[in-house]
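Comments concern the structure below.
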């Protein structure tokens, strides 16, 4: 069953977009793992809430990016919130398909700092 | 015991900063809760890794923001990673003091969309 989030006009009007009309959106799965950070504009935020499916704005392609349309790796929205300054968004999602990342990984955050460090110095 | 992350020059050079020299940084606690999203520049990223303590760049004050210096609510770094495009950072932290948010809340993400919606329509 798709979660449709009935955002109020006040909630939508509260969100502060940057000079490009974008706001960063964190997608975190139901177990707490952070999958990715991407960007939304006002239209794709509304589409995400209305459709219950993560829809970003692709900065590299400069187009609406309804995640999974090409890859099949779509993200079902479970919950959505904004932060104290209303300039960052956090979504709980259920990841469908292979994973969130275009590399095929489940999460985009696969590069630890210090991974290849061997001891001090 | 403070975790000092021995980031390699290659890892640090991989990070892609935006036109303002900034990259978004997600702070998540050891239980998976997302606490905040803020910004780092190259210097505060390096300070964060070197000191084992979250240090951001305050966009509103345009200054280094070593979190907790004023509030006492500092963040101990447990792990750090960057994403597939190297344009977003994810930190596991232990939150000290009252909470991550300047409002006193533990997390900055306290505003759910649809909070005041009552049924469909």
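Nothing in this text is a laboratory measurement; each read-out follows from the coordinates by a stated rule. Predicted model only: the values in this text are computed from it and were never measured. Ideal geometry is used to build each Cβ from the backbone, glycine not excepted, and the neighbour counts take in all protein chains shown.
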Proxy reagent accessibility, fewest Cβ within 10 Å first, across A:48, B:110, B:44, B:70: B:70, B:110, B:44, A:48
What is the Cα coordinate range of the protein assembly as shown on the first, second and third principal axes, sorted by size from largest, in whole angstrom? 60, 38, 33
Whole-Å semi-axes of the range A:57-121's equivalent ellipsoid, largest first, each the root of 5 times a Cα gyration tensor eigenvalue? 27, 19, 14
Taking the label point 7 Å from Cα along the Cα-Cβ vector, the copy-to-copy distances for residue B:115, listed from shortest in nm with one decimal, are 3.8
Mind pulling the angle between the C-alpha long axis of helix A:42-51 and the longest principal axis of chain A? Nearest 10 degrees, somewhere in 0 to 90. 90 degrees
Note to self: C-alpha centroids of the range B:1-41 and the range A:60-74 sit apart, in Å, by 25 Å
May I ask you to report, in nm to one decimal and beginning with the shortest, the distances from residue A:42 to the same position in the other copies, taking label points 7 Å along Cα-to-Cβ? 3.6
At residue B:103, label 7 Å along Cα→Cβ: distances to the other copies, nm, ascending? 3.5
Suppose we take every Cα in chain B and form the convex hull; what volume per residue is that in Å³? 149 Å³
Computed lengthening from residue B:18 to residue B:103, 0.36 nm per intervening residue step minus Cα-Cα distance: 27.8 nm
Chain B residue with Cβ closest to the axis mapping B onto A, distance in whole Å: B:32, 1
